[in-house]
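Asker: First the structure, then my questions, so here it is.
The values are calculated or read from the model by the stated rules, or taken from the named source; none is laboratory data. Since the structure is predicted, the reported quantities are computational estimates derived from the model, not experimental observations. So basically every Cβ, Gly included, is an ideal-geometry build from the backbone, and we count neighbours across all protein chains shown. Side chains included, ligands, DNA and RNA excluded: accessible areas come from the protein's heavy atoms. Shrake-Rupley method; radii C 1.70, N 1.55, O 1.52, S 1.80 Å.
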Amino acid sequence: MAQDDNTKRLEEAKQLSQEKPSQAEQLYQDILSKPPGANDRAARDFEAALMGLGELYRDHKRTQDLANLVQQTRDVLTSFARAKTAKLVRQLLDLFTAIPNTLETQISVTKSCIEWAQSQRQGFLRQNLEVRLVGQYMQKQAYYDALTLINTLLKELKRLDDKLVLVEVQLQESRVYHALGNIPKGRAALTSARTSAASVYCPPLLQAGLDMQSGQLHAEDADFQTAFSYFIEALEGYHSLALPSPAKPTAALQYMLLCKVMLSAPSADLDALLTSKHALRYAGPRLDAMQAVARAHSARSLEAYETALHTYRYELGSDPFIASHLRRLYDSMLEANLIKVIEPFSRVEIAHVAAMVGLDVAQVERKLGQMILDRVVVGVLDQGEGVLVVYEEEAGDQGYKAALETIEKLGGVVEGLYAGQAGLLE
């Protein structure tokens, strides 16, 4: 009879959750105030009430109440099977992701759950929560903490030979090194992840993550064609999963458009990509931002490019990968424009060059100085008169080249003689 009452109260709470949340909360708490019971139906009602109350707190952005719910009910969950307990804890922690600006709370609650899992000797749940904590450290940009935890996890997982979790941790390691700018280590970690993934079934979401990371690392090497093919695979993987949030497939589409822009692809290719079924499915401000960048690049207009960066500063600046490549693209466009302007002159006023490219004098002077140091332009800046003096590029002296080749050959001869004498002495 009590079970029938719980079922009725659950149905009533669901109906009241939007219009009268306080009454729904009271009904859920009444069910949770009693032990879940021994039979399956009572356990299901308790689970439904727990998730219903969690979703109620999530929908009304009650972060602290949700954190208290996780901490208060996890001891009761020990009466469930370990797999069920782990699933419910993970589902409750997933509810935080829908509430904005809760990263610190998520880290705090996750750490608390890790300590609880350790005290309950639930090794699998603890590992899963630690992998989640690595991702949260990544969002916070606490890369040292993330690497410390990753190194501990890797030692443990290699000993246990848990391939699937190992792949996930190695992928996170690659992302951390990539974020730190250590591309060789990021590539090595990704290679290890792909090697581990080859010997175990890899879920589509994890496989899409591997493809996404592979594309980003190839893009760092300026191999945008290969990167584009990896981003296609990632997009297909994310699209097939019908994820509740479009963030990941939209990011894959943005990266595909970025590759096309960096490859200076014709506008027809960009239009074809923007009118594809995936682009129409995930249309929004982020794709509009990339379209504006592509148009500015196609027109070779620095003014339009800066306008796009300013108009879509959040969409283009919130992703470090896109922001990094757009800075490089801006530098290359600025260089090309400056070279085009100064090419007819042997002596030109910096103010005139700045007016021609539509930028302020200080910015143009700084860029010209960098180009002179990089030997892109052969000349000097006369800051007293505010002019750039361009010299004719001199042909290299062939004598130096011939001398270096002769020295190199002599070095080979000496090495050979030394090796021969060393053999005779033995």
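Asker: Can you tell me which residue is least open to solvent (accessible area, probe 1.4 Å) among those in region 75-111 that are hydrophobic (A, V, I, L, M, F, W, C) and not in a helix (DSSP H, G or I)? Please lay out each step first, then the result.
Answerer: Within region 75-111, the subset hydrophobic (A, V, I, L, M, F, W, C) is 76-77, 80-81, 83, 86, 88-89, 92-93, 95-96, 98-99, 103, 107, 109.
From the residues that got through so far, the ones that are not in a helix (DSSP H, G or I) too are 80-81, 99.
On the way: Phe80: 32, Ala81: 68, Ile99: 10 Å².
Filtering first and then ranking leaves Ile99.
Asker: Is at least one residue of region 255-265 over 13 Å from Asp211 (Cα atoms) and modelled with pLDDT under 85?
Answerer: Checked region 255-265: at least one residue is over 13 Å from Asp211 (Cα atoms) and modelled with pLDDT under 85.
Asker: For region 57-68, does any single residue satisfy the condition of being over 29 Å from the mean Cα position of the chain (by Cα) and among the small types (Gly, Ala, Ser)?
Answerer: no
Asker: Would you please name the residue that is surrounded by the most Cβ atoms within 10 Å (Cβ to Cβ), looking only at residues in region 112-139 that are among the β-branched types (Val, Ile, Thr) and under 22 Å from the mean Cα position of the chain (by Cα)? Lay out the reasoning, then the answer.
Answerer: Of region 112-139, the ones among the β-branched types (Val, Ile, Thr) are 114, 131, 134.
With under 22 Å from the mean Cα position of the chain (by Cα) added as a condition, the list becomes 131, 134.
Details: Val131: 18, Val134: 23.
Ranking the qualifying residues of region 112-139, first place goes to Val134.
Asker: State whether one or more residues within region 387-405 are of a type in the set (Ser, Thr, Tyr), open to solvent by 40 Å² or more (accessible area, probe 1.4 Å) and assigned to a helix (DSSP H, G or I).
Answerer: yes
Asker: Asp211 fails exactly one of the following numbered conditions: (1) in a helix (DSSP H, G or I); (2) open to solvent by 20 Å² or more (accessible area, probe 1.4 Å). What is the number of that condition?
Answerer: For Asp211, the failing item is (2).
The rows are residues; the columns are (1) of a type in the set (D, E, K, R); (2) more than 18 Å from the chain's Cα centre (by Cα); (3) in a loop (DSSP other than H, G, I, E, B).
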| site | (1), (2), (3) |
| --- | --- |
| His297 | no, yes, no |
| Tyr314 | no, no, no |
| Phe321 | no, no, no |
| Leu326 | no, no, no |
| Asp331 | yes, yes, no |
| Asn337 | no, yes, no |
| Pro344 | no, yes, yes |
| His352 | no, yes, no |
| Ala355 | no, yes, no |
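Asker: How about region 238-252: which of its residues are of a type in the set (A, V, I, L, M, F, W, C) and open to solvent by less than 30 Å² (accessible area, probe 1.4 Å)?
Answerer: Scanning region 238-252 gives Ala251, Ala252.
Asker: Here's a follow-up. Could you pull out the residue among Ala219, Ala234 that is under 19 Å from Arg175 (Cβ atoms), at pLDDT 90 or above and touching a Cys at 6+ places or on another chain (Cβ under 8 Å)?
Answerer: Testing whether each residue is under 19 Å from Arg175 (Cβ atoms), at pLDDT 90 or above and touching a Cys at 6+ places or on another chain (Cβ under 8 Å) leaves just Ala219.
Asker: Assess whether Val413 counts as being part of a loop (DSSP other than H, G, I, E, B) and at pLDDT below 85.
Answerer: No, not satisfied.
Asker: Going through Gln72, Gln64 one at a time, which residue ends up being of a type outside the set (Phe, Trp, Tyr), within 21 Å of Glu47 (Cβ to Cβ) and surrounded by fewer than 16 Cβ atoms within 10 Å (Cβ to Cβ)?
Answerer: Gln72
Asker: Considering region 225-237 alone, what residues qualify as being open to solvent by less than 20 Å² (accessible area, probe 1.4 Å) and within 18 Å of Leu190 (Cβ to Cβ)? Full working, then the answer.
Answerer: Step one: of region 225-237, the residues open to solvent by less than 20 Å² (accessible area, probe 1.4 Å) are 227, 231, 234-235, 237.
Ala227, Phe231, Ala234, Gly237 - these are the residues of region 225-237 that are open to solvent by less than 20 Å² (accessible area, probe 1.4 Å) and within 18 Å of Leu190 (Cβ to Cβ).
Asker: With the condition kept exactly as written, say whether any residue in region 278-290 is open to solvent by 60 Å² or more (accessible area, probe 1.4 Å), within 16 Å of Phe228 (Cβ to Cβ) and acidic (Asp, Glu).
Answerer: No - not one qualifying residue is present in region 278-290.
Asker: Still on this structure: Which residues, taken from region 273-297, are of a type outside the set (D, E, K, R) and out of contact with any helix residue (DSSP H, G or I) (no Cβ under 8 Å at 6 or more places or on another chain)?
Answerer: Correct list: Thr275, Ser276, Leu280, Ala283.
Asker: For the condition touching a residue at least 24 places away in the same chain (Cβ under 8 Å) and exposed (fewer than 12 other Cβ atoms within 10 Å of the Cβ), what is the one hit in Ser318, Ser298, Ser346, Ser267?
Answerer: Every option except Ser346 fails the conditions.
Residue by residue, here is whether (1) in the same structural domain as Gln213 (by the TED database); (2) within 30 Å of Met212 (Cα to Cα); (3) modelled with pLDDT of 85 or more holds:
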residue	(1), (2), (3)
His310	yes, yes, yes
Ile322	yes, yes, yes
His325	yes, yes, yes
Asn337	yes, no, no
Leu359	no, no, no
Gly369	no, no, yes
Leu381	no, no, yes
Val387	no, no, yes
Lys401	no, no, no
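Asker: What's the number of the only condition in (1) closer than 18 Å to Ala81 by Cα; (2) more than 34 Å from the chain's Cα centre (by Cα) that Met51 fails to meet?
Answerer: Tallying (1) closer than 18 Å to Ala81 by Cα; (2) more than 34 Å from the chain's Cα centre (by Cα), Met51 fails exactly one: (2).
Asker: Continuing with this model, one more query. Would you mind stating whether His178 is assigned to a helix (DSSP H, G or I) and either in the same structural domain as Lys277 (by the TED database) or touching a His at 6+ places or on another chain (Cβ under 6 Å) (or both)? Before you say what the answer is, go through the steps one by one.
Answerer: On the way: assigned to a helix (DSSP H, G or I): yes; either in the same structural domain as Lys277 (by the TED database) or touching a His at 6+ places or on another chain (Cβ under 6 Å) (or both): no.
Taking the combined requirement at face value, the residue does not satisfy it.
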